Amino acid sequence: MKWLAFLLLILNLLVWHFAGTLQGPANSASGAAGNLPRVASLKSTEEAASKPSDPEVPDVEPPAPEDAPAGDDGSEVAVGAAQPGQNNEQEAVVAEPAAVPPDCVRMGWFGSLNAARALVANQPLADQVDVTVEEVERELTPYHWVIIPPQPRAVALKQFRDIQRQGIDSYLVTEGENRNAISLGLFESREAAISVLEEKKRQNFNAVLANFPRNQISYALVFEAEPGLAKELVEAVKADYGGNFDFVEINPCEGVATPPKNP
């Protein structure tokens with residue numbers, strides 16, 4: 001009996017084992033029922049299987065971007081952009097206005113150096129500028145000269161003495177290109193010189209008309225100043241001079257360097 005019970009137990013175990021083997025897959029029933037997996041789920045499953053997993057990097061969604069700050073007028077302002085009033089190195093440099101060049105002034109003439117210096121010393125505005133006195137040798141309009149042409153010195157000296165005895169105003173020229181000529185008159189007016197020349201010819205003098213070159217040492221004030229101060233000083237000097245100047249020149253100074261303009 002014991003062996004019979006043992007054989008029945010073995011037989012039951014074999015039946016149970018073969019019954020489980022012959023049973024179909026569990027998902028075949030769902031397939032037969034029409035519940036097939038969708039294509040999208042299959043692709044997601046395949047991509048997840050093909051993608052290597054990184055245990056060190058957690059799958060964390062990136063944070064949503066913060067809203068950009070709004071400007072005063074409600075418009076969005078890019079993050080990191082320079083705001084008005086900030087000290088930004090790229091901020092445009094405000095160009096300074098170009099400096100006004102000074103005026104160069106020259107006025108004259110003065111007959112003597114002392115007269116020019118005295119006029120400057122009496123001007124309070126002259127202390128604000130550097131006024132210099134310029135000395136110039138000027139070639140003036142020649143005078144009209146009535147002379148007896150040059151002769152050998154002995155002849156010229158004898159004739160000169162004869163003229164002096166007659167009481168005629170004259171002198172003997174001792175230097176220059178007209179040396180040993182006898183001067184009978186020097187005139188600024190050509191009409192006056194011609195009148196004397198005709199008179200001497202009637203007196204049987206061999207007189208002629210010549211030019212008398214002349215130069216004169218004259219003085220001028222020279223300075224430079226800011227345009228407004230330059231005009232003010234010129235008017236003050238003209239008022240104190242008590243006469244008309246031959247010239248007054250006021251021009252922008254040449255060659256004065258100006259600050260370069262900023263880009």
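None of the figures in this text is laboratory data; all of them are computed from the coordinates on show. Only a predicted model underlies this, so the values are computations on that prediction, with no experimental measurement involved. Counting neighbours? That spans all protein chains shown, and the Cβs are built from the backbone with ideal geometry, glycine included.
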Exercise for the section: Just subtract the alpha-carbon distance of Glu235 and Ala121 from 0.36 nm times their residue separation and send over the number in nm, one decimal. Expected result: 39.5 nm
Exercise for the section: Compute the Cα gyration tensor for the stretch 136-263, then decide on rounded, prolate or oblate, letting a ≥ b ≥ c be the square roots of its eigenvalues: rounded whenever a/c is under 1.5, prolate when a/b is larger than b/c in the other cases, and oblate in all that remain. Expected result: prolate
Handout entry: Spacing of the two label points (7 Å from each Cα toward its C-beta) at Leu7 and Asn206, in nm
Key = 19.5 nm
Practice task
Determine the equivalent ellipsoid of the stretch 141-213 by diagonalising the alpha-carbon gyration tensor, then write out the semi-axes as square roots of 5 times the eigenvalues, largest first, rounded to whole Å.
Solution key: 19, 15, 9
Handout entry: Convex hull of the stretch 131-174 built on C-alpha atoms - directionally averaged projected area, nm²
Key = 5.4 nm²
Fill in the blank from the handout: For the Glu249, Asp162 Cβ pair and Förster radius 41 Å, calculated FRET efficiency rounded to 0.05 is 0.20
